[in-house]
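Read through the structure below, which is laid out as structure tokens, and then see the notes.
The values are calculated or read from the model by the stated rules, or taken from the named source; none is laboratory data. Computed from a predicted structure; not experimentally measured. Cβ placement follows ideal geometry from the backbone for every residue including glycine, while neighbour counts extend to all protein chains displayed.
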Amino acid sequence: MTGKNPLWAPSVPTLVLAVTKLNPDRPGANPYAYYDLGQAVAHLTVQASALGLYVHQMGGFDHDKARQLFEIPEGYELMTIVAIGYAGSLHELPDELRERESAPRTRKSLTDFVFEEHWNQPLAVSAATSA
């Protein structure tokens, strides 16, 4: 794993490597492979949440090492590692991660990425629907 992931990921009980199958013989055969994998991981996330589990997706990992370790043949693309487990204690995290996890979270406004009629024309959003 890369970035900050090696600091916390070793304590996660379950790591899932999400892989999609490409079709090099017929490249247009499954143009929705990435979408399908995203939907599978999204539903896994919803189900895990319903069971009281936490999910965190990571793109920061050594794709070549994972391919070799799990003997994944060519024609398959490694997309993400999904960490699944129960929330740990903030006190167990290294200082820099504890600060990041304790910091207030902000989200983009819907008008930054939801458009109407034309690309980049923000959807008229009322205060009631943007909360």
### Task
Report, by residue number, each residue of region 67-98 that is among the charged types (D, E, K, R) and outside any helix (DSSP H, G or I).
E71, E74, E77
### Task
Note down all Cβ pairs under 8 Å where the first residue falls in region 65-83 and is under 19 Å from D25 (Cα atoms), the second is charged (D, E, K, R) and outside any strand (DSSP E or B), and they're at least six residues apart or on different chains.
L78/R67
### Task
Please state which of the following conditions T129 fails to meet, knowing it meets all the rest: (1) among the β-branched types (V, I, T); (2) surrounded by fewer than 11 Cβ atoms within 10 Å (Cβ to Cβ); (3) in a helix (DSSP H, G or I); (4) modelled with pLDDT of 90 or more.
(4)
### Task
Check S89, S49, S102 and return the single one that is within 30 Å of V125 (Cβ to Cβ), among the polar types (S, T, N, Q) and exposed (fewer than 10 other Cβ atoms within 10 Å of the Cβ).
S102
### Query
Is it true that L15 is modelled with pLDDT of 90 or more and not in a helix (DSSP H, G or I)?
yes
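Has region 23-38 got at least one residue that is assigned to a strand (DSSP E or B), among the charged types (D, E, K, R), modelled with pLDDT under 90 and closer than 26 Å to E74 by Cα?
no
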### Query
Would you say Q68 is over 12 Å from the mean Cα position of the chain (by Cα), modelled with pLDDT of 95 or more and loosely packed, with under 11 Cβ neighbours inside 10 Å?
yes
